[in-house]
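Remarks on the structure that follows.
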Amino acid sequence: MTGWFRIKRPKLQPVNFSTKVTVMVAARNEEEKIAYTIDDILAQDYPKHLTEIIFVDDHSTDRTSAIIRSYADRSVKLLQLNEDKPLNSYKKKAIAEAIALSTGELMVATDADCRMGPQWLSTIVNYYETHNPVMISSPVAFFEENSLFERLQTLEFSYLIGIGAAFIGNNRASTCNGANLAYRKDVFYEVGGFKGIDELASGDDELLLQKVAVRHAGKIGFLKLPEAIVYTHAKQNLREFLSQRRRWASKSTKYKDKRIVALAVTMWLYNVTLLVNAVMSFYDVYFFKLLLVQFAFKLVVESVFLFSITSFFKRMNLVVLLFLLSPLHVLYLVYIGMVGNSRKYIWKGRTVR
């Protein structure tokens, strides 16, 4: 938690931009929202002659590729995967192909269902040219919620983004989000790209971050500026939500820093004891008192952390939902901890692990 408070909002200086940037997006069956993403990228105030845009169509079965192709006259490049052998991580393949095709120095990755303001790219590059990091993790937030379930996800997701930033603030870069991640092209190849982590469907963000952190400790930054935020949508139902979180949890056993794994296991066990004490409370009041102490501690820590994070995202009104989210979070964490690394699951119409 202290790492989040260590990260200050960087003071960016006016610069004459010189960095060639490649914005790369892997897309699969995103016909509903991809045009909004393309329009937002094209609307960036970063110099057009220094911007390259590459979309990789990952075997879409809808109009995704046709929509991307319709922007060809505006310098949006389309690369279509055509793999004849099954892969477990098509997204990593898509990103690797985009990087191989790219001409930029700085790779900026986002997702095909994301929205961003016009200063998004220039803010990232300004930070890059001013502070010289080799990798930049930038904030991601949910927006346009239509239900209580989606607002709860927004609060929980804000917590996850804050945790990732806190690790970076403590010089222990371990988590980030691939919807808003930038890194030098040469550093991607220096660490071997996705080699060694390509057997997992997920991990194009966090596992790559950890590979970079091994060689470039202290050269990874979190861009704590509102202009750098990328926005996306929460999952509409519980099934989609759990599928997403199982995908995220599946990469945890591959974390390079085993102290992070140990911390995750400790947090999981803490939540298990909350459930155990809740059950035992029916038999002995001692366990009920212990449950209250544990839960109060959890609530206080989460409240302090989330007040600062939601303040940054200008969503402090969501913190009141913590009283509902916190007990549900216990059940969710225990469940995801048990199934996240144990079974295959469906993602984007494919069975992966």
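The values are calculated or read from the model by the stated rules, or taken from the named source; none is laboratory data. Please read all numbers here as calculations on a predicted model, not as lab measurements. Backbone-built Cβ (ideal geometry, glycine too); neighbour counts: all protein chains shown. Only protein heavy atoms, including side chains, enter the accessible area calculation; ligands, DNA and RNA are left aside. Shrake-Rupley method; radii C 1.70, N 1.55, O 1.52, S 1.80 Å.
Among what's in region 1-17 and is over 13 Å from H131 (Cβ atoms) and among the hydrophobic types (A, V, I, L, M, F, W, C), pick the residue that is least open to solvent (accessible area, probe 1.4 Å). So that I can check it myself, show each step before the final result.
Step one: list which residues in region 1-17 are over 13 Å from H131 (Cβ atoms), which gives 1-6, 14, 16-17.
From what is left, the residues that are among the hydrophobic types (A, V, I, L, M, F, W, C) are 1, 4-5, 17.
Values: M1: 86, W4: 2, F5: 90, F17: 59 Å².
Within region 1-17, the match that is least open to solvent (accessible area, probe 1.4 Å) is W4.
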Within region 206-231, can you find the residues that are open to solvent by 10 Å² or more (accessible area, probe 1.4 Å) and without any contact (Cβ under 8 Å) to a residue 40 or more places away in the chain?
R215
What number of residues within region 133-171 are touching a helix residue (DSSP H, G or I) at 6+ places or on another chain (Cβ under 7 Å) and in a loop (DSSP other than H, G, I, E, B)?
5
Quick one: which of S102, S60, S70, S89 is small (G, A, S), surrounded by 19 or more Cβ atoms within 10 Å (Cβ to Cβ) and free of Cβ contacts under 8 Å to residues at least 60 places away in the same chain?
S60
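Could you list, in sequence order, all residues of region 237-259 that are under 17 Å from the mean Cα position of the chain (by Cα), part of a helix (DSSP H, G or I) and at pLDDT below 75?
S252, K254, listed by residue number.
Okay, residues lined up against (1) in a helix (DSSP H, G or I); (2) over 30 Å from E144 (Cα atoms); (3) aromatic (F, W, Y):
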| position | (1), (2), (3) |
| --- | --- |
| R9 | no, no, no |
| A35 | yes, no, no |
| F55 | no, no, yes |
| D62 | no, no, no |
| I67 | yes, no, no |
| K77 | no, no, no |
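Going by the structure shown, is T130 open to solvent by 30 Å² or more (accessible area, probe 1.4 Å), of a type in the set (V, I, T), part of a helix (DSSP H, G or I) and farther than 16 Å from H59 by Cα? Spell out the reasoning first.
Values: open to solvent by 30 Å² or more (accessible area, probe 1.4 Å): yes; of a type in the set (V, I, T): yes; part of a helix (DSSP H, G or I): yes; farther than 16 Å from H59 by Cα: yes.
In short, yes.
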Quick check on my filter: what residues within region 18-36 are in contact with a Leu (Cβ under 9 Å, 6 or more places away or on another chain) and surrounded by fewer than 17 Cβ atoms within 10 Å (Cβ to Cβ)?
S18
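Kindly provide the set of residues from region 37-53 that are within 14 Å of Y71 (Cα to Cα) and either open to solvent by 30 Å² or more (accessible area, probe 1.4 Å) or not in a helix (DSSP H, G or I) (or both), ordered by number.
Within region 37-53, the first condition is being within 14 Å of Y71 (Cα to Cα), and the residues that meet it are 37-43, 52-53.
Passing the criteria: D39, A43, E52, I53.
I'd like the full set of residues that are of a type in the set (G, A, S) and at negative phi, limited to region 48-102. Spell out the reasoning first.
So the first thing to find is which residues in region 48-102 are of a type in the set (G, A, S), and the list is 60, 65-66, 70, 72, 75, 89, 94, 96, 98, 100, 102.
Passing the criteria: S60, S65, A66, S70, A72, S89, A94, A96, A98, A100, S102.
When the residues of region 137-151 are filtered to those that are open to solvent by 20 Å² or more (accessible area, probe 1.4 Å) and of a type outside the set (G, A, S), which remaining residue is nearest to the chain's Cα centre (by Cα)?
Taking region 137-151 first, the residues open to solvent by 20 Å² or more (accessible area, probe 1.4 Å) are 143-149, 151.
With the extra rule that they be of a type outside the set (G, A, S), the set shrinks to 143-146, 148-149, 151.
Values: F143: 15, E144: 18, E145: 18, N146: 21, L148: 22, F149: 20, R151: 18 Å.
Selected residue: F143.
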I'm checking my understanding of the structure. Among residues of region 281-330 that are among the aromatic types (F, W, Y) and closer than 19 Å to G164 by Cβ, which one is most open to solvent (accessible area, probe 1.4 Å)?
F307
